[in-house]
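What follows is a single structure, written as structure tokens, with notes after it.
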Amino acid sequence: MKTKSGILSVLAFLLLLSQGLLAAENQIKTTLTSVKLYLSGAELIHTASVKLKSGIQDIVFTGFADEIDGNSIRVKSGNGAVIMAVMQRMNYLSKLTKSDEIKFLQDSIEALSFILSTLQNEIAVLDEEYNLLLSNKVLSGKDKATSAIELKQFSDFFRERLSSIKEERLQNTEKIRKIQIDLQRLRNQISELNAGTIKPESEIVVTVSAKSAATTEFEMTYLSNNASWQPCYDIRVADVNSDVVLIHKANITQNTGLEWKDVALSLSNRNPVESSIAPEFHSVYLDFLNTYVARQEILGKNTVSIETQSSGESVVYGDNAAFMSSKGNNSDFSARVKAAPPEFHQEESAMYVEFTPELKYTIPSDGKEHQVEIQTNNVPAVYEYYSFPKFNLKSYLVAKIKDWEKYNLLPGDANVYFKNSFLGASRINTNNINDTLLISLGEDRQVGVTRDIIKDFTEDKFFSDDIERTFAYKITLKNNKNTAIKGELEDLLPISRNESIKIKLIEKSGAEANEETGKITWKFDLEPQKSIEKKLIFSIRYPKNKKITHF
């Protein structure tokens, strides 16, 4: 026991000693003033005012995010102070800063706990009184008998008081039950807010040289990866004669361990993690590959597939595959290694755009989405209808926006409202080079469309070696609205990938036909309560001993 007690004493002394050493340092609490938020990651800027002494000294700045990129730290100073060195370190002994919300919840727990203790004390007093009454219920003494009147009075008092004690005790028990439920809810909420926050505190130690004592302003900038934002939109249309009201918003998420309180917030579509180095040109060479053997081999920990060619060389597939050749040893590097194909990705834009709201914002560090409005624009648009009945017997109202680049839009989800009614979700896709941006506003059920097979053309024709099948469709579009509409009606013509498959367009009813894509387009202007009919007829001829794919 003495040994254990001695060890605890030594540990307590070392802890107090380390805390004392930290307290002796010149520690300065910084203030988060602004945040530049990227699609992935954030640049945080802190400021602090420090009273410097003459000479060389170390300043320990605190109040930063939990996890910061040490290579991104930049420190600026003013008023003649010279920065000699900057170092990041982790403080595992500092007390974690509690947010205002956590402090409020803990104060609520403390208040409810006091009420709970008071009620429990009252129940204990009631129990003592109850037991006291039961222990003194014998009224008669040795020298004097209890009269009937006294007995009745005592009986009434006994009954009323015991009933009152039980009722009061029952009420207090119910109050305690409710308080315990509220306490558990408060503790659960604190646990959620504290999830993942038990981390060491980041500190930045700056070595400064000052010619004379003076108050100096410092600015510290660094990157944190635990934050991001995604663009989103509200699209509001009053009617087809009005501009599109395009509300550009941002869904912000941050889990830096630091509350962004009343900060100047700017949003950028740049990703600082991505490389800024342009790729270098390299040639690609093609050759014939005559493969006749395929086998699986294991190189170290990696399983690779090796195709042996008639030339005797081997082509190796797989991650981290070694250079090797079946003709010689590994040192001649004669084998050609083919890596797995990279995943497809899309770049948003070669130009960076930043949005800087005029207001300051408070974003808690809770990992949840918080929405911020960026800008609102009244955008001129042309409204047309679009229908592709082969895949969907519906007609959609589409807003066409020209010169959309000047609004600095990014790809994102959108909520569509028409005449103050929510129509559904859509998406703004700016990953194209078209002059016109198309925004789908949803289905209009007052514009009907059908696509029927014309049976007169469904009979197959047989030749000596081939079979010819004819496909014929009648497409009908009906405007059930009280206003005229215009737009595009589309269908498609299959494209042959084999010279033995011959496709012939027989009837297109004046449509524009793109032979490369197979796209068939009818443009229309349709008066109220009117309809149009279009025909698409084509034939496919192919060897009768073959089967064609379904289209």
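Read the figures in this text as sums done on the coordinates, not as results from a lab. What you are looking at is a predicted structure, and each value in this text was computed from that prediction instead of being measured. A quick note on method: Cβ atoms are made from the backbone with ideal geometry, for glycine too, and the neighbour counts reach across all protein chains shown.
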Return the sequence-ordered ³J(HN,Hα) values of segment 244-250 in whole Hz as given by the Karplus equation 6.51 cos²θ - 1.76 cosθ + 1.60 applied to θ = phi - 60°, using x for Gly and Pro.
7, 8, 9, 9, 8, 10, 9
Please list, in chain and number order, the residues 5+ apart from Gly412 or on another chain whose amide H is under 5 Å from its amide H, with Hs placed from the backbone.
Ile428, Thr430
Estimated FRET transfer efficiency (Leu359, Ala213; beta-carbon r; R0 35 Å; 0.05):
0.35
What's the extension gain from Lys535 to Ser164 if we count 0.36 nm per residue and subtract their Cα-Cα distance?
124.4 nm
Under 12 Å, Cβ to Cβ, from Arg445 - net charge with Lys/Arg +1 and Asp/Glu -1:
+1
Pop the C-beta distance of Ile453 and Val245 into the FRET formula with R0 = 35 Å and round what comes out to the nearest 0.05.
0.20
Counting other Cβ atoms within 10 Å of each Cβ, which trypsin sites (Lys or Arg not before Pro) in segment 153-233 have at most 16 and sit in a DSSP loop?
Lys211
Cβ-derived FRET efficiency at R0 45 Å, Asn429 paired with Lys504, nearest 0.05
0.80
Residues with amide H under 5 Å of Lys530's amide H, sequence separation 5 or more or different chain, H placed in the peptide plane at 1.01 Å from N; which?
Asn479
Sorted by chain and number, the residues with a modelled amide H under 5 Å from that of Ser34, at a separation of 5 or more or across chains, are Ile45, Ala264
Give the residue list of trypsin sites (Lys or Arg not before Pro) in segment 492-532 that are DSSP loop and have at most 12 other beta-carbon atoms within 10 angstrom.
Arg497
3J(HN,Hα) from dihedral phi, segment 493-500, Karplus parametrisation 6.51/-1.76/1.60, rounded to Hz, x for glycine, proline:
10, x, 10, 7, 10, 9, 5, 7
Multiply the residue separation of Asp403 and Asp234 by 0.36 nm, subtract the distance between their alpha-carbon atoms, and state the gained length in nm to one decimal.
58.9 nm
Let me know the whole percent of all Cα-Cα pairs from segment 447-543 that are separated by more than 16 Å.
61
Can you run phi through the Karplus equation (6.51, -1.76, 1.60; θ = phi - 60°) for segment 183-191 and list ³J(HN,Hα) in whole Hz, with x for Gly and Pro?
5, 5, 4, 5, 5, 5, 5, 5, 4
